[in-house]
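Asker: Here's a structure for you.
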């Protein structure tokens, strides 16, 4: 299944979460969304978002100033 | 999946009482984020929070009486003495400065957050008493909010997992 990309770089809380939620809604169950963000708060926020919504956080890594998340739509 | 689709969704109510540019943020940030996390959200707009439902927003922020408002400037943080804050034009200047910062830092505008709240089915209630008190009409307001009073809010709050007063 192809991976969708959401570029949330330069956006501040809560925009990366709101945009991710919107993008996830358009994915089929099992589909994956890659998110790029520069908001350091997004590391904790995407963990909390996934724990609460039941979606799976497959990856969370940092590449310089960019945070890179991979979420699988499970819920 | 919107919040309403989940039978066991948690719920939150927020009483919105303040309508300045800074105080408009917490209720809309929490409402939109909660909705994104599957929470059923109800916002009750009363007193100075009510104008946040007006079609055209003209939000302002003032440093007057707020010693905690220190704006970043040339690597420092600058507070404004009350005596300066009361001068004509200072509120407009502070508002402009805040809006520039908001745009520069990638923070959403209140208009955008409000739009996102409506899109994610956040329920909005306009306080009927405040509408009457300050002489607002429903046609002055955006599409979406319903009219209600304290009992309408209480019915929501009694069922809600989280109740906030902002």
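Taken together, the values in this text are just the output of simple stated rules run on the coordinates, not laboratory data. Since the model is a prediction, treat every value here as computed from it, not as a measurement. Cβ placement follows ideal geometry from the backbone for every residue including glycine, while neighbour counts extend to all protein chains displayed.
Asker: How tilted is helix B:90-104 with respect to the longest principal axis of chain B? Cα atoms for both, answer in degrees (0 to 90, nearest 10).
Answerer: Helix B:90-104 and the main axis of chain B meet at about 70 degrees.
Asker: Using alpha carbons only, how many degrees (0 to 90, rounded to 10) separate the axis of helix B:25-36 from the longest principal axis of chain B?
Answerer: Roughly 40 degrees, rounded to the nearest 10.
Asker: For the stretch B:68-166, what Kirkwood radius comes out of the mean inverse Cα-Cα distance, in Å?
Answerer: About 17.3 Å, per the Kirkwood formula over Cα pairs.
Asker: With everything on Cα atoms, drop me the angle between helix A:42-53 and the longest principal axis of chain A, reported from 0 to 90° to the nearest 10.
Answerer: Once rounded, one gets 20 degrees.
Asker: With runs of 4+ DSSP H residues as the only contributors, calculate the mean residue ellipticity of chain A at 222 nm using -39,500 (n - 2.57) per run, divided by the residue total and rounded to the nearest 500.
Answerer: The helix-only estimate for chain A comes to -9500 deg cm²/dmol at 222 nm.
Asker: Taking the inverse of the average 1/r across all pairs of different Cα atoms in the stretch B:31-76, what Kirkwood radius in Å do you get?
Answerer: Mean inverse Cα-Cα distance, inverted, gives 14.2 Å.
Asker: Next question. Over all Cα pairs of chain B, how is the pair count split among 5 Å bins, expressed in % and running from 0 up to the last occupied bin?
Answerer: 2, 8, 16, 19, 17, 14, 11, 7, 4, 1, 0
Asker: Using the Cα atoms of the protein assembly as shown, I'd like the radius of gyration and the largest Cα-Cα distance, Dmax, both in angstrom.
Answerer: So, for the protein assembly as shown, Rg and Dmax equal 19.6, 63 Å respectively.
Asker: What is the mean projected area of the alpha carbon convex hull for chain A, to one decimal in square nanometres?
Answerer: If you wrap the Cα atoms of chain A in a convex hull and average its projections, you get 4.2 nm².
Asker: Can you give the % of DSSP beta bridges in the protein assembly as shown that are antiparallel, to the nearest 5?
Answerer: Bridges in the protein assembly as shown that DSSP calls antiparallel: roughly 45 percent.
Asker: Follow-up question, since we're still on this one. Give me a single rounded figure for A:10-16: the average over its residues of other chain Cβ atoms within 10 Å of their Cβ.
Answerer: So the per-residue partner count for this stretch is 6.
Asker: The stretch A:8-60 to the stretch B:46-113: how many Å between their Cα centroids?
Answerer: The two parts, judged by their Cα centres, are 29 Å apart.
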